[in-house]
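Notes for the one structure printed next.
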Amino acid sequence: MRRTFLDTFGRVSAVNPALLRNMFKTLTGDVSSAANTHEAEIDARLAQFIDDEDETLVWDLRVNNGRPETYLPFLERCQQYLASCVETSVSDRRHDDVIEGEVVTHMATALNATDFYDQVIKTCPPDIAIPSLQWLRWQFWPRHPGSAASKRYTGRIRVKYMIMARQMRENHIDQYYASAMFRYQKEFCVRFHNYTSLICQDDKHTIKVGEPGLPVSAVERGKQVLVAKDQTFEVADHDFTKFSLSPSVSFKVEIPDSMMGSFYRGVVYVGLKENAFEASSCLRHLAEYSATVPRDNPIECHYHDGGPDHNVRHMRNKLANIAYFLDRNLDALSSVQTPHKHSWKNPAERCMSILNIGLQGVGLMRQKTASCEDKLKNAGNLGAIRNLESILPQIRQEVLDAVQPVKDLLGDVFSRLKLKDEPLRPFQAASRDDISALAQTLTRIDPDFDASVLTDSKKTVKPGRLILDFIKKHCLERHYMFSIKRCGDADCVCGKPSLPEEIFHDLHHLPDPTASPTEADKYMNFQEIYGKKHTDEELFLPSKIHRRGEKNHGMPFPPSSQYAKNTKSVIQVCS
């Protein structure tokens, strides 16, 4: 049957005999051996590039067929790149034993195989032949030496790559309600996609920064990355540091034309903040939006977690959003948050795994400060470091200068990462002056407002009557949403709308998720309730319904009163 297949289709087509043999084996499951060693070698090469689905590999295998290797100079450049960059990389405290006396260890300079390929090409002169990316991958050390696929790896470049794990999720009583709120926000964005920007924000877990001369690993163990063979890279074997950085991710979503489109495409902005003197706050995030994210549309929708720097129920954060609304000259602003421990729903979370690629195997340490090292030695935590500012006013700037090289290094790494072929864009943390200037915007509403209450977390926020009246007239306050909208009055402090008149008349606050009257355990569609009048409270918020049920004990007095009465009772038992 094999001979009949080859003769029949070989006569009527110009298909290569090796390809016909591969087709016959694939379709029939034939496992017969090749007629000779030459045929076996050809069949093996054909199977290799068919498995890889990379037509460029055919040329790379052909130019090296029985001739002096064309790509030896490129391989030498790869080895030189590894040798020159290996000193800046870090060990993962684990090594893969391959041969006695040899190990494969982590190499962090190249983020992945594609980045390694691009970095080596930059070092090559024009006369060096460049192979395909897939051919280069076959020169790596195999991930699983015992597998069948490992036979195709040559191991001439002693590097390899591995993957990471995910995390668990926790339930919340309001999770479906909050999901409906986020869906309403997305449908709102689609409805006004020509006039709306959607920004998702989240802070990544802190990145440790070691002391001068004592670098530490930027992140905990977890993801395994490109590794180099026969080398060992070391950092301090401890996890406690005084200084750390917090990456802030602002993801400006490319809003699709319909809900069937993807909300995971757009531009990612990444900033690094020193946690002692650049702590995250709602006002800081919004000041960074103003300086970094272009103001393309008069409507903005923000989505984030419910941490203290974003919680929409905190008055400090409400005032920060109002200041941003006025400073940005917006027609509408809606800020929606996730329930507790549900930040995984935030599209910005998808960017964190990309940042992890750049952070794996990176060792970081700060520089020495100009005059504060002795005092810093006795400061054991962030609070103690902040308290030093009262006696050493210069310590703030000196600490920021000491960690700036670390920020520059990570910014360069992040700029090499991409989301959907769109490079990440690093930005600098907002300065004190930028934050104060944004807070001062509230004096347009109340000239007597003390803007320092927004920049000093130790002060109590007590807005005056004018600001409270502005909130009552322009804002909608909900458990998971805070919305601001221009009133349309040209003489109002909010200003004249910039939207076309017909669009502005169709602009309303986001609706409250409302239980469907026809389908149990479901909420009504956005189109059914958008534009309808809001009630004074959220009638279908599960957590509020649950609390209301707990209070309905059916007694004409508080249960605690009965408890107190029972403690004074004495029961005498008589036989």
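Selection within the range 466-493: residues that are among the aliphatic types (A, V, I, L, M) and closer than 27 Å to Ala180 by Cβ. The member of this set that is farthest from the chain's Cα centre (by Cα) is Ile471. Candidates in the range 256-267 are the residues that are at pLDDT below 95 and of a type in the set (A, V, I, L, M, F, W, C); of these, the one that is nearest to Arg366 (Cα to Cα) is Phe263.
Report yes if Ile484 is among the β-branched types (Val, Ile, Thr), outside any helix (DSSP H, G or I) and touching a Phe, Trp or Tyr at 6+ places or on another chain (Cβ under 7 Å), otherwise no.
Values: among the β-branched types (Val, Ile, Thr): yes; outside any helix (DSSP H, G or I): yes; touching a Phe, Trp or Tyr at 6+ places or on another chain (Cβ under 7 Å): yes.
Taking the combined requirement at face value, the residue satisfies it.
Considered as a group, the residues in the range 425-447 that are free of Cβ contacts under 8 Å to residues at least 12 places away in the same chain and part of a loop (DSSP other than H, G, I, E, B) include one that is most open to solvent (accessible area, probe 1.4 Å), and that residue is Pro447. How many of the residues making up the range 351-380 are under 17 Å from Ser244 (Cβ atoms) and either of a type in the set (A, V, I, L, M) or part of a helix (DSSP H, G or I) (or both)? Qualifying residue count, the range 351-380: 10.
Do we have any residue at all in the range 215-227 that's modelled with pLDDT of 85 or more, over 28 Å from Met524 (Cα atoms), open to solvent by less than 50 Å² (accessible area, probe 1.4 Å) and not basic (Lys, Arg)? No, that holds for no residue. Considering the range 366-405, and only residues there that are among the basic types (Lys, Arg) and open to solvent by less than 70 Å² (accessible area, probe 1.4 Å), the residue that is farthest from the chain's Cα centre (by Cα) turns out to be Arg396.
Of all residues in the range 108-136, those that are closer than 20 Å to Leu410 by Cα have Cβ atoms under 7 Å from Cβ atoms of residues that are modelled with pLDDT of 90 or more and of a type outside the set (Ser, Thr, Tyr), 6 or more apart or on another chain, in Leu111/Arg416; Leu111/Leu417; Asp115/Arg416. Only residues that are among the basic types (Lys, Arg) and either in contact with a His (Cβ under 9 Å, 6 or more places away or on another chain) or not in a loop (DSSP other than H, G, I, E, B) (or both) were counted in the range 448-461, giving 0.
Hey, any hits in the range 417-424 for a residue that's within 15 Å of the chain's Cα centre (by Cα), assigned to a strand (DSSP E or B), without any contact (Cβ under 8 Å) to a residue 60 or more places away in the chain and surrounded by fewer than 20 Cβ atoms within 10 Å (Cβ to Cβ)?
Narrowing the range 417-424 to residues within 15 Å of the chain's Cα centre (by Cα): 417-420, 422-424.
Okay, now just the ones that are also assigned to a strand (DSSP E or B), so 418-419, 422-423.
Still in the running and without any contact (Cβ under 8 Å) to a residue 60 or more places away in the chain: 423.
From what is left, the residues that are surrounded by fewer than 20 Cβ atoms within 10 Å (Cβ to Cβ) are 423.
Yes, the conditions are met somewhere in the range 417-424.
Give the residue, chosen from Gly383, Gly411, that is free of Cβ contacts under 8 Å to residues at least 60 places away in the same chain and not in a loop (DSSP other than H, G, I, E, B). Step through it out loud before you land on a result.
On the way: Gly411 fails: free of Cβ contacts under 8 Å to residues at least 60 places away in the same chain.
On inspection, the qualifying residue turns out to be Gly383.
When the residues of the range 308-357 are filtered to those that are β-branched (Val, Ile, Thr) and open to solvent by 20 Å² or more (accessible area, probe 1.4 Å), which remaining residue is nearest to the chain's Cα centre (by Cα)? Among residues in the range 308-357 that are β-branched (Val, Ile, Thr) and open to solvent by 20 Å² or more (accessible area, probe 1.4 Å), the one nearest to the chain's Cα centre (by Cα) is Ile354.
Every listed requirement among (1) within 21 Å of Phe470 (Cβ to Cβ); (2) free of Cβ contacts under 8 Å to residues at least 40 places away in the same chain; (3) of a type in the set (Gly, Ala, Ser) is met by Ser262 save one, (1).
The values are calculated or read from the model by the stated rules, or taken from the named source; none is laboratory data. Nothing here was measured: the structure is a model prediction, and the numbers come from that model. Neighbour counts run over all protein chains shown; Cβ positions are idealised from the backbone, glycine included. Keep in mind that these areas ignore ligands, DNA and RNA; they rest on the heavy atoms of the full protein, side chains included. Shrake-Rupley method; radii C 1.70, N 1.55, O 1.52, S 1.80 Å.
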